[in-house]
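Following: one structure in structure tokens, then a few remarks.
Just so it is clear, none of the values below were taken in a lab; they were calculated from the coordinates. Quick caveat: nothing in here was measured; it's all calculated off a predicted structure. So basically every Cβ, Gly included, is an ideal-geometry build from the backbone, and we count neighbours across all protein chains shown.
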Amino acid sequence: MVPKEETQCLGIVQLLLHFQWTWVGLVAPDTDNGERFMSALKPLLTHNGICVAISKRVLKTMPYYELLKRELRDVWRQVSVLVYYADSQHEFDLIAILQTLLEAIHAGSKLWITTTFWDINMYLFVDFRYLWGSLSFVTKTPIRMKYDYYNPFSPVLEQFWKRAFHCSYSKHVLSLKGWTRCTEGGKLETLQQEELERVFSQDSYSTYNSVQAVVWALNMAHSSRSRQILRVGGGSRLEHQRLHPWQLHPFLKEVQLTNTSIDGQCLDESRELPASFDIINWVQFPNKSRGRVKIGSMEGCTSSDLKFTINPDAISWPERFKKTVPHSRCTKSCHAGYAKETQEGKPVCCYACTPCTEGTISTQEDAKECTKCPEDQHPNKERDQCVPKIIAFLSYEESLGSLLTSFALFLSLTTGLVFGIFIKYKETPIVKANNRDLSYTLLISLLLSFLSSFLFIGQPTKMTCLLRQTAFSIIFSVAVSSILAKTIAVVLAFLATKPGSRVRKWLGKGLANSIVLSGSSVQVLICATWLGIFPPFPDSDKHSHPGEITLQCNEGSVAMFYTALSYMGFLAATCFTECGFGASDNK
């Protein structure tokens, strides 16, 4: 008939997590209930990253100053939130005593979270100075409770009935002004909600439920039995068969709490009341009156569907905290852009904050680790957000692009101008002596080589990636082959001047053309193989430059690229070798 106290632990954890209280203290009596409470709550706190800075089980005979030993005073000063378990109303005195001692050692004020089922409004003898503003879990008490009749079988209920209905059982009713004689027909459903909350406690509600359950079980038990005729002393009379207490168990297991007092109450799989608590803020009003304000609840029919709700704006925080949310943490929160780092030899709640490494961010406070940004994004300066990377490539608008464009145009125009001069003076002896056809081939290939530079400027496309390296390699190989042919022709010309030399027959256009064609054909074969097997394609480099995505051409095959480059180097080296050989032979 009363929810299990262990179910409060789930609500306590949710309450602590909501306000980010991760450095708390536990106080409980040194009893079986206190030990059960500690053993149920501590694993939940640890699992949710909440550290227990101080855990004290108090003996009634323990001197209170032993709770505040010197070596623990610094810890007491750090903790602002204390969870207090009490299994009787008398133990509220310990809160006032502890708070007084804490103030004596300058440990500051504390916010108490009580887990008692008792209604502290009913006990006027307790000093509640340190309870105002505190929070507690109170069993839900539906107010629609009906009594079909009232029989004052005890002085306690008689006093309750007098307070509830302002009536008197005194024979001299006229002596009590405004009061009437109590009748047995009073019904609680006629009372206002405020009156019921004032005169009806949670214990009365639980007792009412228990009585109703037993009455229902008895009714079902008697209904299932038929009357039997018993013969007593030779006579006969009709009696009910005697019912033993243990015979009620099957009926109690089937009890259905459907009366109007329960208001949708339900039982879990163990036939016990599940968690159904109101979270109460104990408030003292300016006129010194006191009361409780509901700020949240925890309810559900099974452990798997518990629902925790809270309204922080409805809380009246104690004046000793300047009416703001108390702070109870071992360290300050790690801001976004930082991650928690456990310190060796310290509790997990006493962590350090380390900035996120390059390429990672954290978007929330007290992040356990930093997360990596997607490849097309990078962290901002604060490293608390991923922003898109800038798309970069060698464009004509950039300084380097403009410079290279101007340089390529200048060399192209110069080469074109020289080629025009050769065309104009093609019949002159000097042009003819310089091997006019080879000169044309060399100038055209140089002009195309300079113009091929434009394939490397601008945003890469599939076509430009296919052409830029292969076209330049082939065209430049033709230019180098032309120079090589010219060099070989000059060397042979000098050798042919010697008497009896047989190299004179090699002189002519045939040899020069063969050298150009053979030299460039090898490069054409290399590039054709490159394009056929490993063609270049547009790609992007997302890692070389932070904050940028560099658009570029992937060469497809590094080996083929260096093969083409090496072949051009081979042609150039051969050309210079021939030049050196010709010069030494001339001497």
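Using 0.36 nm per residue and subtracting the Cα-Cα separation, the extra length available between VAL387 and ARG73 on full extension is 108.3 nm. Hey, got the dipole for region 338-387? About the Cα centre, +1 on K and R Cβ, -1 on D and E Cβ, debye to the nearest 20? Result for region 338-387 is approximately 120 debye, rounded to the nearest 20. Among the listed pairs LYS56/LYS368; LYS340/LYS542; LYS110/LYS323; LYS56/LYS322; LYS56/LYS110, which are separated by more than 20 Å between their Cα atoms? Where the Cα-Cα span goes over 20 Å, the pairs concerned are LYS56/LYS368; LYS340/LYS542; LYS56/LYS322.
Annotation note: chymotrypsin sites (Phe, Trp or Tyr not before Pro) in region 396-439 located in DSSP loop regions with a Cβ neighbour count of at most 15 within 10 Å are TYR396, TYR425. Among VAL52, VAL516, VAL214, the order by Cβ neighbours within 10 angstrom, fewest to most, reads VAL214, VAL52, VAL516. Restricting everything to alpha-carbon atoms, can you work out Rg to Rh for region 338-387 with a Kirkwood hydrodynamic radius? Across region 338-387, the Cα-based Rg/Rh ratio is 1.06.
Taking only the alpha-carbon atoms of region 399-586, what semi-axes of the equivalent ellipsoid follow from 5 times the gyration tensor eigenvalues under a square root, in whole Å, largest first?
On the way: eigenvalues 276, 81, 36 Å².
Over the Cα atoms of region 399-586, the semi-axes work out to 37, 20, 13 Å.
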